[in-house]
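The values are calculated or read from the model by the stated rules, or taken from the named source; none is laboratory data. Source: prediction; values computed, not measured. Positions of Cβ are backbone-derived with ideal geometry, glycine not excepted, and every protein chain shown enters the neighbour counts.
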Amino acid sequence: MDKLKQLESFVSVATKGSLTAAARAEGVAPAIMGRRLDALEERLGVKLLVRTTRRIALTHEGSAFLEDCQRLLADLANAEASVSAGGVKASGHLRITSPAGFGRRHVAPLVPRFRELHNDVTISLNLSDRVVDLAGEGFDCAVRVGDFPDSSLVSVRLADNRRMCVATPAYLKRHGTPQHPNDLLKLDCLTLSSDASQTRGWAFRVPQEDGSAELMHFKPPGPLDCTDGQVLHDWCLQGWGIAWRSTWEVHAEIASGRLVEVLAGFAAPPNGIYAVFPQRKHLPLRVRLWIDFLKHHYARPDFWLAETR
């Protein structure tokens, strides 16, 4: 007897609650469903269902086996659905999340493009600067920027990211260019306010007398602060001072000359831009394709040079 048919029959009976309902759904006699279940239990050497004239109940072993069977059959259906006319085909609903500022610039423009390639996938994009509980809130994937300490999630590094001090050429002409992080004490620094998430301050790698370099965190004073990084970015472009921003935010403006990097010799090591997702034995095809799509675009230097897309 077909082992797969036995599993399908077991799942059908367990979820529908009776042999008769499962048999009716498949268009066979209840006795056939019963024989399949008997053969499955005999092959496994364990009782999966307790059958009476009134109801069917799962045993403890049957409950655990039902979850495994449902996952196996879903994986098989996904595998079959992923191959259509010789090509890869994804389907289902994709729930993704990203920090608001990064997401507006570098995730949101890609979502409709991905949907255009995979039109059987529907997508929800959540933009939030809080750290979303992916598994608890039902998200398939997050894009995160910075160090990645959460070992309960799986991460794929998509690109490097570096923080840098930037200012307009006009501001530097008026006030001078800092040569050391300590020079920031004499300049107008545009900083995140104390109740924002950036608690340790600006990071620099400072050379030591023995030839090594020490990572130091510095909270410069400044005349203007804000909880929103985009506002700091705008103030910096308007020439109000020096800001500490990410390459993903200022790459295009540095390339065009609107902003200038200062203290490059003291820049801290880069961190990363990651796709993260809950640990799963089998990652849905739509999630794998989305991550590959991000990696493809983020690997292109010209992607970061476009200020708007």
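Considering only the stretch 226-309, give the strands (runs of 3 or more DSSP E) lying wholly within it that have at least 2 residues that are under 24 Å from the mean Cα position of the chain (by Cα) and not hydroxyl-bearing (Ser, Thr, Tyr).
Here the list reads 271-278.
Restrict the check to the stretch 252-271 and report whether at least one residue is among the basic types (Lys, Arg), surrounded by 17 or more Cβ atoms within 10 Å (Cβ to Cβ) and under 23 Å from Thr177 (Cβ atoms).
Scanning the stretch 252-271 turns up no residue that is among the basic types (Lys, Arg), surrounded by 17 or more Cβ atoms within 10 Å (Cβ to Cβ) and under 23 Å from Thr177 (Cβ atoms).
Have a look at Ser124, Ser98, Ser128 and point out the one that is without any contact (Cβ under 8 Å) to a residue 40 or more places away in the chain, of a type outside the set (Lys, Arg) and closer than 20 Å to Leu283 by Cα.
Ser124
Would you check which residues across the stretch 201-225 are assigned to a loop (DSSP other than H, G, I, E, B), loosely packed, with under 14 Cβ neighbours inside 10 Å and in contact with a strand residue (DSSP E or B) (Cβ under 9 Å, 6 or more places away or on another chain) and list them?
Those that are assigned to a loop (DSSP other than H, G, I, E, B), loosely packed, with under 14 Cβ neighbours inside 10 Å and in contact with a strand residue (DSSP E or B) (Cβ under 9 Å, 6 or more places away or on another chain): Gln208, Pro221, Pro223.
Do any helices (runs of 4 or more DSSP H) lying entirely in the stretch 1-67 carry at least 3 residues that are at pLDDT 90 or above, surrounded by 13 or more Cβ atoms within 10 Å (Cβ to Cβ) and charged (D, E, K, R), and which ones are they?
It comes to 30-44.
With (1) exposed (fewer than 14 other Cβ atoms within 10 Å of the Cβ); (2) at pLDDT 90 or above; (3) within 13 Å of Val276 (Cβ to Cβ) as the list, and Pro112 as the residue in question, which single condition is left unmet?
Tallying (1) exposed (fewer than 14 other Cβ atoms within 10 Å of the Cβ); (2) at pLDDT 90 or above; (3) within 13 Å of Val276 (Cβ to Cβ), Pro112 fails exactly one: (3).
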